[in-house]
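Asker: Below is the structure I would like to discuss, written out as C-alpha cells.
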C-alpha cells in the first residue's frame, strides 16, 4: 500500500489530500474550498472489477470514509441516502 500527498488543485478546484492503492483499488481523498464550506469527496476506482464511485461524506466522516470506503458506501446505501454517492 502506498500513500501520497498532493497539493495542486484540478481544473474544478478539487485538491487531492491523499491517495492510496491497494491490490488494484485506488482511493483518493479530495477537498474543494468554498466560501464558508469545504466540500469533501472520496473516489474509489477498482481496476480489477471496473467498479468506481464517489462518496461525499460529511467533513467529520472524511477520514473514516477514506479508510473504509466500501463499508461507508454500504452504510450510506442501506440508509437510502443516495445523495452522498455518485456512480
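The values are calculated or read from the model by the stated rules, or taken from the named source; none is laboratory data. This is a predicted model, so every value here is computed, not measured. Reconstructed Cβ throughout: ideal geometry from the backbone, glycine too, with neighbour counts over all protein chains shown.
Asker: Looking only at residues that are more than 16 Å from residue 31 (Cβ to Cβ) and in contact (Cβ under 8 Å) with a residue 12 or more places away in the chain in segment 48-68, which one is surrounded by the fewest Cβ atoms within 10 Å (Cβ to Cβ)?
Answerer: Only one residue tops the list, namely 48.
Asker: Within segment 28-37, track down each residue that is under 12 Å from residue 57 (Cβ atoms) and over 8 Å from the mean Cα position of the chain (by Cα).
Answerer: 31
Asker: Being within 14 Å of residue 67 (Cβ to Cβ) and modelled with pLDDT of 90 or more is the filter here; which residues of segment 1-20 pass it?
Answerer: Selection gives 17, 18, 19, 20.
Asker: Hey, another quick one. Among the residues of segment 59-81, is there at least one that is modelled with pLDDT under 80 and in contact with a strand residue (DSSP E or B) (Cβ under 9 Å, 6 or more places away or on another chain)?
Answerer: Looking through segment 59-81, at least one residue is modelled with pLDDT under 80 and in contact with a strand residue (DSSP E or B) (Cβ under 9 Å, 6 or more places away or on another chain).
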